[in-house]
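The next block holds one structure in the form of C-alpha cells; read it before the comments.
The values are calculated or read from the model by the stated rules, or taken from the named source; none is laboratory data. Model, not experiment: these values are computed from the prediction. FYI the Cβ positions are ideal-geometry reconstructions off the backbone, even for glycines, and counts take in every protein chain you see.
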Amino acid sequence: MKILTTLKKVVDVELNIKVKNGAIVEEGLQYVMNAWDENAVEASVQLKENKGAETTLISIGGGDNTDIIRKAYAMGIENGIHIDDPALTKADSFVYARILQKVYEKGKYDLVITGKQAQDTDNGQTGIILAQYLGLPCVSNVISIEVMDEQHIKVSRLGDVGTEIVELELPAVVTVSDSINQPRLPVLRGIMMAKKKTIKVMDLATLGTSKDEVGGAAPKSEIVEFIAPEARKGGQKFEGDVAEITARVVDLLANEAKVF
Amino acid sequence: MNPLLMFLLLTVGLTVFGRTMFHKIQLLRALEPTDRANHLKERLMNMVVLAIGQKRLIGRSKERGSGIIHAFIFWGFCVLLIRSLTLYGEGFQEGYSLPFFGGDHLIGYLYVALKDIMEGIVLLMIIFAFFRRAVLKPERLHNTFKAYLVLAMIGILMVSDLLYDGARYNIIQLFNNPGSIHYFNNPQYGSEFLWTPISVGSATLTSGFSADTNITILTIMFWLHISTQLLFLNLLPFGKHFHVITALPNVFLKSLDYPHEKPELLDLEDETAWAEESLGINHIHQLNWKQGLDLYTCTECGRCKEVCPAYTTDKPLNLHDFNDKLKIELLENADNIIKKAKLLATIRQSEDTGQIEKNREERTALNSEKKLIGEVIAEDTLWACTTCRACEEVCPVTIEHVPRIIAMRQGQTLMAEAYPKELNTAMKGIERNGNPWGIGYDKRADWAVGLDIKMMADDSNVDYLLWVGCAGSFDDRSKKVSKSLVGILQKAGISFAILGVEEKCTGDFARKVGNEMLFQMMAKENIETLNNYKVKKIITACPHCLNTLKHDYPQLGGNYEVIHHTEFIDQLVKAGKIKLKQSLAGALTYHDPCYLGRYNNIYDEPRSILQSVSNGVFKELGRHGRESFCCGAGGGRMWMEETIGKRIYLERSEEIVGLKIKNVAVGCPFCLTMIEDGMKELGKEEQIKTMDIAEIVEKNMV
C-alpha cells in the first residue's frame, strides 16, 4: 500500500498574531506543522508500522520547509517532496489540490491522508477538492482507519449524530480529525535518521506543470485583508451597597450594553 | 587447640569465600566505568559518619529502636574482629595474643572488657531483633528464613564465645587449670576475668560440671564459634547480608556530586551509541560498577519504600523489589557480562578489523535478551517515581535510586521511544514555545506588564537576573507569586531584570523523564542567552529551575550563582532591607519542596522568614525537612495523569489538614498547584490558605 500524506507549514497559533495595514506582521512569528497534518503523518506511520505501507509526504509552499519535513521523517515518514515555487504565494485550496493531483498522478498511490483542515486558514477544503479532481471516494473528519484487504479500508467518521462507519474502495482520500491519534514526539533515533535523508525539492516546472495549469495565475479566492479580532475588554467590578449596585448594573445593562 | 583442624577450616572457609568474592568483584569490574577515586578525605568522612557512625540508623527518630539494635550489632562485630583473630591464633597456638593485646598491656584488659560488654549487648539486641521480626512484624521488613538464620548465627557466635570464656574461667578458677588453658600469654593469666563480668556470669552455667566436662564444653564452643563464623562469612555474599561486607565500601564510594550523581551528559551526536542502544540503561550490562555495588549492598530494609510517595500511595514502585529484580538479572547475566568485558579488552588491543568485527558481534550476542523495562521492571513502576529523593535521604547504605531511574527513563525515551505518550503535549510545548503548557512564547512576559520591570534586552546592567520560570510566567496562580516577589525586590531596592520572551523552560522535567535531547536543547539555548548578557547571579522562585540552573547547567558551560527567593528574602530581612511585621494570623505550617530541601539543602531560610511574619503557632508537619513528603509533581509527574492508587497530593493535603492550621506555606510553584488543588478537593480551600512565601512576605511587609 502506498500512502501520500500532506503537510502544511502554518504559523504557530499559540502566538499573538498582529495585523498591520491589513497584513500579518511577520516579526516574532514562528512556523510549525499543521496540527491536523501531524495526525495525518501519525496515521500514515502507523499504517507503515502495522501494515507495511510505503509512506510519502508532500508539502507545498512555505519557503524553507526543511524543519517540518525532517520532523515528519523523524516520526517515520519515508519519502518527502517539497513543491515550492514563487508562483504559489497566493495559492488557495484549489491550487493546492491541483498540485497534489499532479503529485498523485506521478506516484500512483493507494491512499491519500490529509489533515481535515489547516490551522491557519481553517478552510478544510484541500483534501475534498483533491478527491473531486481525482474522481476518488472521500471521507472527511476520520477518527480511525482500518485496512480490510489490499483494495478496501474501513474508516469511522465523526458525524453530527454519532460515528459513521464507512467502507471504501481504494484508492481513496481521507481527511483526519485530531482525535484519530496522539502524534508521537520524534526522539533521538528518528531525528538522527532524519538528518541523513534528503528532501526532494521541486518547482512547478520540475513537477511537470505550470502556474497556469494549477490555477496559480488566477486563484479562485484571494485574501484581501486581515483584520485582527477585537481585544477582549476587561470586566467591571462593583463594590458597595447591594441595592445601589443592582440598580446601577441594571441601568448599565439597559442603557449602555442595551441587552434589553 | 588443634593447628591441623584450624588450618583446614581456615583454608576451606577462606578459599571458598575468596572464590565467591573474586567472582563478585570480577562482575563489578566488568560493568561500565564510573570514577570514584577522588576526594579521599570526604569519602573517609562519609564512611565514618554514615557507616561507622550509623547516622541514618540511629539518627532518625522514627526508626531509632531498630537503629540502635542494628548499630550495636554492627559495633559489636567491629569489636569482635580482633577477638576473632586472637581465636584463630589460639587455634594454632594456645595462649596466643595479638601484639599489644596480651596480659602485659592495659589495652588488652580494656579490650576484653569492651568485648565482653559488647557480646552481652549484641546478644540482647539479637533477642530484640527476633522479637521485632516475629512479634512486631514491621511492614517494611521481608520476613524470610534467611533473615532468622542470620540472626540465629549471630546469636550462636555470641553464646559460643561467652560459654567458651565461661568454661575457661571455671577451669582456671575452680579446677586450678589442669589443662593449662591460657588466654593471655603472661604470668598473671586469669586476671583478665576481673574485667569480664558477662563471661564470668556465664561461667555459672557450667560451673556445676566437672573439669573435664568444662574442657569439653570449651573445646566444642571454640570450634562451634570458629566454624559458625566461617560459615557465616561464606553465606554473606548470597543475599541481603552481603551488606556486611559491601556497606562500608559502598558508602565510601558514594557519589560526591550534590545531591547525587548527576545524569550523564549524553553525547547525542554519537551515532554508534544510538546504533548500539547504549544511551541510558536499557539492559542490565549497562549499569556502572557502582550501581552494581548498590545492588549487592541493598539490605532490603525497606526504609526507601516507607518514605516513597509512590509506594505509600499504592503505586507499583517498590524500591527494594526494584533492586532485588535488578540484582537477580545482574547475577543471571554475570558470566556473559564478564565475557563481554574480556572481549572488549581484546577489541581494544586488536588491530585486525575483521577480528574486531567478529568480537563485536560476539559481544552483542552476549547481551541479556531481557529488556530491563517491560521484562524485568514494569513500565508503570519506572514512571511512578517523582524523583523526590526521600529514598536516598534515608538509605543507610547510600544507594542512589534516582539517577538509575533517570538513566532507565533515558533508555525508554531516547532508545525505545516507549515513554508515556501523555508527556508529548508538554514536551512539544517546550520544544516549540519554551513552556510545557505550549502557550505562545510571546506571552511569556505578559504578567509583567505595568509592573515597571526591566528587561535584560533593554538594560542588562543589573545586579540580579530574576528567573521567572514557566509557571511564574504562564500559570495564573503562580503569576501572583511572581508579582509578589517583584513587589518585594522593588521595595528592597534591588537592581534586577527579567529575560522576558527570551527565557525558556530550563528543561528540568525533560531531563527527569529521560528526554536528554530536549533538555540539552533548552539548556544550550538558555545558557547562550544568559552568557550573552553576562549574567552572574540569578534569583528564582522555582526550585526546579534553581536545581537545573545550579547543578545541571555547569555541565554545559553555564555557571551562575543561583539563589532561591526564600534564601534571598531571608537575606533581605536579616540585612534590614525589608521589615516584616508579625501579622499573619492563625497557625501555620510549611511544606518543604523536594527540590529545595533534599536537593538543595534549603530548610532553615523559609522557616526563619515564616517565624518573623506569623503571629500564630508554627507547626511542623509529621513528614518535614529531609523527610518531607513530595507533592507528587516532580520528575515529570506534573505532566502525567496519576491513574494508579491514591493521589499523592491528596495524601499530603490530608496530612496538612490533619495539622489543624490556617495557613500552609510553600516555596515551589508545583507544590503550590498540587497542595491548593488538594485543599479544594478536600473542601478546605477557605479554611486553609495555601500561599507561596513571597506572597506571605509581600502581605506582611512594613
Next item on the list: Go through the range B:284-320 and count every residue that is touching a Gly at 6+ places or on another chain (Cβ under 7 Å) and over 21 Å from residue B:251 (Cα atoms).
Entry: 4
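Listed here are the residues, each with its yes/no results for (1) within 35 Å of the chain's Cα centre (by Cα); (2) modelled with pLDDT under 85; (3) hydrophobic (A, V, I, L, M, F, W, C).
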| position | (1), (2), (3) |
| --- | --- |
| B:145 | yes, no, yes |
| B:160 | no, no, no |
| B:166 | no, no, no |
| B:178 | no, yes, no |
| B:182 | no, yes, no |
| B:193 | no, yes, yes |
| B:207 | no, no, no |
| B:220 | no, no, yes |
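This table checks each residue for (1) assigned to a loop (DSSP other than H, G, I, E, B); (2) touching a helix residue (DSSP H, G or I) at 6+ places or on another chain (Cβ under 7 Å); (3) buried (at least 17 other Cβ atoms within 10 Å of the Cβ); (4) not assigned by TED's automatic domain parsing to the domain that holds residue B:226.
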site: B:16; (1), (2), (3), (4): no, yes, no, yes
site: B:24; (1), (2), (3), (4): no, yes, yes, yes
site: B:43; (1), (2), (3), (4): no, yes, yes, no
site: B:51; (1), (2), (3), (4): no, yes, yes, no
site: B:57; (1), (2), (3), (4): no, yes, yes, no
site: B:62; (1), (2), (3), (4): no, no, no, no
Note to self: Scan the range B:575-595 and tell me whether some residue there is polar (S, T, N, Q) and farther than 23 Å from residue B:663 by Cβ.
What the structure shows: no
Note to self: Conditions first: (1) closer than 25 Å to residue B:142 by Cβ; (2) aliphatic (A, V, I, L, M); (3) within 14 Å of chain A (Cβ to nearest Cβ). Residue B:287 passes all but one, so which condition is the exception?
What the structure shows: (3)
Notebook entry, point to check: Would it be correct to say that residue A:45 is surrounded by 19 or more Cβ atoms within 10 Å (Cβ to Cβ), among the aliphatic types (A, V, I, L, M), closer than 24 Å to residue A:180 by Cβ and at pLDDT 95 or above?
Noted result: yes
Next item on the list: Take residue A:134 and decide whether it is among the aliphatic types (A, V, I, L, M), in contact with a strand residue (DSSP E or B) (Cβ under 8 Å, 6 or more places away or on another chain), more than 14 Å from chain B (Cβ to nearest Cβ) and surrounded by fewer than 18 Cβ atoms within 10 Å (Cβ to Cβ).
Entry: no
Next item on the list: Determine, yes or no, whether residue A:150 is over 23 Å from residue A:68 (Cα atoms), modelled with pLDDT under 90 and of a type outside the set (Lys, Arg).
Entry: yes
Next item on the list: Exactly one condition in (1) assigned to a loop (DSSP other than H, G, I, E, B); (2) at pLDDT below 95; (3) over 26 Å from residue B:514 (Cβ atoms) is not met by residue B:611; state its number.
Entry: (1)
Check: Quick one: how many residues across the range B:239-284 are within 14 Å of chain A (Cβ to nearest Cβ), surrounded by 17 or more Cβ atoms within 10 Å (Cβ to Cβ) and in a helix (DSSP H, G or I)?
Finding: 2
Item checked: Selection from the range B:572-588 of residues that are in contact (Cβ under 8 Å) with a residue 24 or more places away in the chain and of a type in the set (A, V, I, L, M, F, W, C) -> B:572, B:573, B:578, B:580, B:584, B:585, B:587, B:588
Note to self: Out of the residues in the range A:181-195 meeting the condition of being over 23 Å from the mean Cα position of the chain (by Cα) and more than 7 Å from chain B (Cβ to nearest Cβ), tell me which one is surrounded by the most Cβ atoms within 10 Å (Cβ to Cβ).
What the structure shows: A:193
Check: Can residue B:29 be described as under 27 Å from residue B:249 (Cα atoms), at pLDDT 95 or above and not hydrophobic (A, V, I, L, M, F, W, C)?
Finding: yes
Next item on the list: Return the total of residues in the range A:104-120 being more than 17 Å from residue A:39 (Cβ to Cβ) and touching a residue at least 40 places away in the same chain (Cβ under 8 Å).
Entry: 6
Next item on the list: At least 1 residues that are under 30 Å from residue A:16 (Cα atoms) in each: list the strands (runs of 3 or more DSSP E) lying fully within the range A:151-260 that qualify.
Entry: A:172-176
Item checked: Among (1) among the aromatic types (Phe, Trp, Tyr); (2) farther than 19 Å from residue A:200 by Cβ; (3) buried (at least 20 other Cβ atoms within 10 Å of the Cβ), the one test that residue A:109 misses -> (2)
Checklist line | Verdict on residue B:413 being away from chain A (no Cβ under 14 Å) and β-branched (Val, Ile, Thr) | finding: no
Check: Restricting the first residue to the range B:495-511 and requiring it to be free of Cβ contacts under 8 Å to residues at least 60 places away in the same chain, which pairs with a second residue that is of a type in the set (Phe, Trp, Tyr) meet a Cβ separation below 6 Å and a spacing of at least six or different chains?
Finding: B:496/B:464
Note to self: Checking residue B:557 against (1) more than 27 Å from the chain's Cα centre (by Cα); (2) under 25 Å from residue B:475 (Cα atoms); (3) outside the structural domain of residue B:687 (by TED's automatic domain parsing), only one condition comes out false. Which one?
What the structure shows: (2)
Next item on the list: Go through B:345, B:334 for me and flag whichever is farther than 18 Å from residue B:385 by Cβ and modelled with pLDDT under 95.
Entry: B:345
Notebook entry, point to check: Which of (1) over 37 Å from the mean Cα position of the chain (by Cα); (2) farther than 15 Å from residue B:196 by Cβ does residue B:135 not meet, given it meets every other one?
Noted result: (1)
Notebook entry, point to check: Could we say that residue B:510 is outside any loop (DSSP other than H, G, I, E, B) and under 16 Å from residue B:563 (Cβ atoms) here?
Noted result: no
Next item on the list: With the checklist (1) closer than 28 Å to residue B:405 by Cα; (2) part of a helix (DSSP H, G or I); (3) within 11 Å of another protein chain (Cβ to nearest Cβ); (4) not aliphatic (A, V, I, L, M) in hand, flag the one item residue B:470 doesn't pass.
Entry: (3)
Next item on the list: Output the qualifying pairs, or none if there are none: Cβ atoms under 8 angstrom, residues six or more apart or on different chains, first residue in the range A:238-250 and within 20 Å of residue A:260 (Cβ to Cβ), second residue assigned to a helix (DSSP H, G or I).
Entry: A:238/A:245; A:238/A:248; A:238/A:249
Checklist line | Spans of strands (runs of 3 or more DSSP E) in the range A:2-78 with at least 3 residues within 11 Å of chain B (Cβ to nearest Cβ) | finding: A:31-33
Next item on the list: Might you check whether a residue that is within 18 Å of the chain's Cα centre (by Cα), at positive phi and surrounded by 16 or more Cβ atoms within 10 Å (Cβ to Cβ) occurs anywhere in the range B:29-41?
Entry: no
Checklist line | Count - residues of the range B:447-466 that are away from chain A (no Cβ under 13 Å) and on the phi > 0 side of the Ramachandran plot | finding: 1
Check: List the pairs whose first member sits in the range B:291-303 and is at pLDDT below 95, whose second member is small (Gly, Ala, Ser), and whose Cβ atoms are under 9 Å apart, counting only residues at least 6 apart or on separate chains?
Finding: B:299/B:247; B:300/B:147; B:300/B:239; B:301/B:66
Next item on the list: Kindly provide the set of residues from the range B:432-446 that are at the interface with chain A (Cβ under 8 Å from one of its Cβ atoms) and either outside any loop (DSSP other than H, G, I, E, B) or on the phi < 0 side of the Ramachandran plot (or both), ordered by number.
Entry: B:432, B:433, B:439, B:440, B:441, B:442, B:443
